[in-house]
1. Tell me the label-point distance for the pair residue 19, residue 145, using the 7 Å Cα-to-Cβ offset, in nm and rounded to one decimal.
2. Please compute the length gained on full extension between residue 131 and residue 271, using 0.36 nm multiplied by the number of residues separating them and subtracting their Cα-Cα distance.
3. Please list 85-94, 126-135 highest first by mean number of surrounding beta-carbon atoms within 10 Å per residue.
4. Expressed as a whole number of Å, what is the distance separating the alpha-carbon centroids of segment 139-177 and segment 200-258?
5. Quick check: convex hull over the Cα atoms of segment 108-217, volume per residue in Å³, rounded to an integer?
6. Mind checking which of 103, 124, 83 has the largest fluctuation in a GNM of the chain, springs on alpha carbons under 10 Å?
7. Quick one: 3J(HN,Hα) in Hz for segment 116-132, Karplus 6.51/-1.76/1.60 with θ = phi - 60°, rounded, Gly and Pro as x.
8. Taking the beta-carbon count within 10 Å as an exposure proxy, list 29, 245 from fewest neighbours to most.
Amino acid sequence: MASVYIHVPFCKSICSYCDFCKVLYNKEWAVNYLKCLKNEIIDRYMGEDINTIYIGGGTPSALSLKEIEYLLNLTNLFKKNNLEEFTFECNIEDINEELLKLLKKFNVNRLSIGIESFDEENLLLMKRYASFIDTFQKIKLARNLGFDNINLDLIYALPGEKISVLKKDIKLLLKLNPEHISTYSLMISDNTFLSYQKVESIPSIDDAKMYEYISKTLKKKGYCHYEVSNFAKNGYESKHNLVYWHNQEYYGFGCGASGYIAGVRYDNTRSLSYYLKGEYKSSDNLISKESMMEYEIILGLRLLKGINLEEFYQKYEVNMQDKFPIKPLLKNGELILKDGYVAINPKYIYVMNEILLKLV
């Protein structure tokens, strides 16, 4: 059983913070890209049953309806008898009845919508658009057409953002009653508009206070904080993303995608021109048992529940506590052991990278 990620690099506009593989939409490029995507899937898919599909970007909904239909048809190349979750990313301004009915036709059962903020200044800084009224109406439309698993993204800790702005954003998000919420502290990455503008991150103490507020508020409202940045109502945790965090195998198709199949981690080229010439991969790495265990630690400890010691042993025939310096961190309280799981103490989850450096 495997999972599939498909990357669509096209966007109608470029967000100021985005360092993902993306280009402005061009019809000729998009048509050629989809043909190349088909060739890549035919070349590399090895016929496993597929459990989850995630179409992300970029902005998949930036494509025309005809192009989206072609893209969705490509998923019929996979064995989908056991498909549990099929996610499609979209921007709120692209959502309409035609798009939603098309997605339903191909059994898409989860929408992931980039809201990021409802605050005008934040949206201006991020080069985003999100009216609460428009969002409310579009989500109502999706509900009426049978979509009952919706994720909304939020970005916080923007330069100059006050906690009062975050509180309002959270309040409005909760009014939309999504099944899943993903929250991300703003990262100012190299080669983005924000980095060229020399924008600086807010003080880490303010960032931490915002993170704590989000976690406490969403948990009070019935959302399980199951991963560092992710919250879900009971039973609505992202099955696809759990594949990553459990260090399981998945295909990555498309420009800039990454995958992990048959013990090999690979990255596709981020160059659209190379991809359109059929030169898909940029790197292949056969992962050693040592590296597999390290990935298991780095990814698994993102989950609030942590890593199951017995499952780790069954997978690698190694006792995790013998292989990694777990015991000192249990002793000082940075890690906790509960019901057979080793996890980062929730008090220290905000500084988890420092703890991971002690382990790996």
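1. Once both label points are built, they end up 3.5 nm from each other.
2. Here the segment from residue 131 to residue 271 would lengthen by 47.1 nm.
3. 85-94, 126-135
4. That distance is 14 Å.
5. Hull volume over Cα atoms, normalised by residue count, gives 104 Å³.
6. Among 103, 124, 83, the largest mean-square fluctuation in the Gaussian network model of the chain belongs to 124.
7. Along segment 116-132, the couplings run 6, 5, 10, 7, 4, 5, 4, 5, 4, 5, 7, 6, 10, 9, 7, 8, 4 Hz.
8. 29, 245
Here, each number is a calculation from the coordinates, and none is a lab measurement. All values reported here derive from a predicted model rather than from experimental measurement. Reconstructed Cβ throughout: ideal geometry from the backbone, glycine too, with neighbour counts over all protein chains shown.
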